[in-house]
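**Q** There's a structure below that I have some questions on.
The values are calculated or read from the model by the stated rules, or taken from the named source; none is laboratory data. No experiment lies behind these values; they were computed from the predicted model shown. Cβ sites come from the backbone with ideal geometry, for glycine too, and all protein chains shown count toward neighbours. Just the protein is used for accessible areas: all its heavy atoms, side chains included, with ligands, DNA and RNA removed. Shrake-Rupley method; radii C 1.70, N 1.55, O 1.52, S 1.80 Å.
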Amino acid sequence: MSGARDPAGPAAARDPDEPSYIDYEAFLDPSFKPASFANTLVLATNNPTDTPLDLSTPLSRVLFDIQEIDSHIDLLTTRSALPLLEHTQTQTEASTRIVSQVEAQITALNESYAQLEKEVTQKHAEADEVRRVAARLWDTLRLARAVGRCLQLGRQLEAQHAELTGSASAAPTASAAALRAREDHRALVRCAHTLLQLRELFTSAGVPGGEGYGLDRVAVVRTLREGVVAPVERSVRETAERMVREFSVGSASGSATFAQSEEVKGRTVSAVTALYLLTPVPAGTAGKGAEKWMPTLMLQALDVYLRSALQSSIAGLSRALATLPSLERTLAEVSARCQNVVALEAVLEGIKAPQHPLLQGKQPLAGGSMLQPLLAYLETGSLASYFWRTMASNMAPRVQEIIAKGGVSARTLKTNRQSVGEAIKECVARGSQLPSTVAAAAKGKSSAGETDKNAKHWEMEVAVMVGSIVNNLGR
């Protein structure tokens, strides 16, 4: 090849320490690019306008440089072979010594790990397995206790419900009236407390760590809840609502005896207390929301009682105004209903709000009477005032209807305007007083000042009631 030199020629004879004409720094530069270097060689040996270009000269130059470097490498390795072999032998011997030392340490480490695994790891695995078994056994025991408590409360609830209905001691063929006479109203409250305990267990069924956690997955508990708890709770509610509806300490024909009125009062106290306790407590109410909780079941039952008394009184008085001969008997019935309302107010005022287990001591009615939430619910100052004002607002259109129809009823009513007004006045005054049996029990509790104040208050109700009828008779 043109321009090439023999590797055994001048390069081999030259001292390797002499500087080489090859620019090593250019080749070792990180920015070195073979294409740029080749282009420089081509342009150095050719004119840019030559066609074709002569590539043999730059190629020979590159081959000569490679041979030069190869000869230089061969010379360096030949002259330095002994030091390289000695260095390699030294490194190998050092590596052998290190490996022998490391192998001994690795063997000791493996033996220590095996002992550690035997004494710690395996025992830890066994202990962890025992821990899991113990945890599952504890969960099973806790769930079994919760199930046992549920079943115990279920049997207790059935026994209390039997006491309530009187079916435990009554003959199989006893009539409904006989069973009602045997029922123990005090069992209402006992049933309510048992139902609250069961409700608390069922509520915690989905709360990890709760007393009843997991109860919803037990078939016998679901059967108990659907077959016993739900029907008994419905029965207790219906019985309590019925007792509230049946509240009466007198009628138009006469008042109940003291013993009878005390029995009615006791039944009402039990019913109202049971409805108070059975009112659902929404989630979160036990905390900040406790102030917003209200005994809605109790309020609804009392509201139904008042509305029923009002509807009967309004309908009866409307018929009596159209047929005046029956007015006296109807007004006696109306005043008796209002006296029952006044007696109910006195009973409610004497009932203190019980402790609700699910409200965790944060009760909005703590220390107050059962009457306060009812008055707030009806937005009135007293039940008698609510009774007469509601009657008055409903009687005005009824009287106007009678007058608009005309005929004998309208003429008779207009003619007896004054006597009708006096009868209404007497009815309101009589109906706003406590029944004799209740008044005797409450004797001495109100001062003379309170009596005068009440008298003036009933004068306002008399005026409202009389005005709703007389003022709509026309001339």
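**Q** Over all distinct alpha-carbon pairs, what is the Kirkwood Rh of segment 99-162 in angstrom?
**A** Roughly 16.3 Å, rounded to one decimal.
**Q** Using the per-residue mean of other Cβ atoms lying within 10 Å as a proxy for protection, in what order, highest first, do the peptides 225-237, 461-473 fall?
**A** Answer by packing, highest mean first, reads 461-473, 225-237.
**Q** Just reorder Phe27, Phe202 by solvent-accessible area, largest first, 1.4 Å probe, all chains present.
**A** The ordering from most to least exposed comes out as Phe27, Phe202.
**Q** Quick one: order Thr49, Thr279 from most to least accessible surface, probe 1.4 Å.
**A** The ranking, largest first, comes out as Thr49, Thr279.
**Q** Please calculate how many Å² of accessible area segment 309-363 carries per residue, with a 1.4 Å probe and no DNA, RNA or ligand atoms counted.
**A** 42 Å²
**Q** Ranked highest first by the average count of other Cβ atoms within 10 Å around their residues, in what order do 157-166, 390-399, 106-115 fall?
**A** 157-166, 390-399, 106-115
**Q** Now a separate question. When the accessible area of segment 189-281 is computed with all protein chains present and a 1.4 Å probe, what percentage of it is carbon and sulfur?
**A** Result for segment 189-281: 52 percent of the exposed heavy-atom area is carbon or sulfur.
**Q** On to the next question. Enumerate the amide H contacts of Gly250 below 5 Å, restricted to partners 5 or more residues apart or on another chain; note that Pro and chain-start residues carry no placed amide H.
**A** Amide H neighbours of Gly250, under 5 Å, 5+ apart: Ala256.
**Q** Now for a separate question. Run the accessible area of segment 52-175 with a 1.4 Å probe and give the carbon-and-sulfur part as a rounded percent.
**A** The nonpolar share, carbon plus sulfur, comes to 61 percent.
**Q** Short version: ³J(HN,Hα) in whole Hz for each residue of segment 317-330, in order, from phi by Karplus 6.51 cos²θ - 1.76 cosθ + 1.60 (θ = phi - 60°), x for Gly and Pro, what are they?
**A** 5, 4, 5, 5, 5, 7, 10, 4, x, 8, 5, 4, 5, 5
**Q** Mind grabbing the accessible area of Asp216 for me, 1.4 Å probe, Å², rounded to tens?
**A** My reading of the accessible area for Asp216 is about 80 Å².
**Q** What is the packing order of peptides 310-321, 400-411, taking the mean over residues of other C-beta atoms within 10 Å and listing the highest first?
**A** In descending order of packing, they fall as 310-321, 400-411.
**Q** Sort Phe32, Phe64 by accessible area with a 1.4 Å probe, largest first.
**A** Sorted by accessible area, descending: Phe32, Phe64.
**Q** Between the alpha-carbon centers of segment 30-84 and segment 187-215, tell me the distance in whole angstrom.
**A** Cα centroid of segment 30-84 versus Cα centroid of segment 187-215: 95 Å apart.
**Q** Summing +1 for each Lys or Arg and -1 for each Asp or Glu, what net charge is found among the other residues whose Cβ lies under 15 Å from the Cβ of Ser31?
**A** In short, -2.
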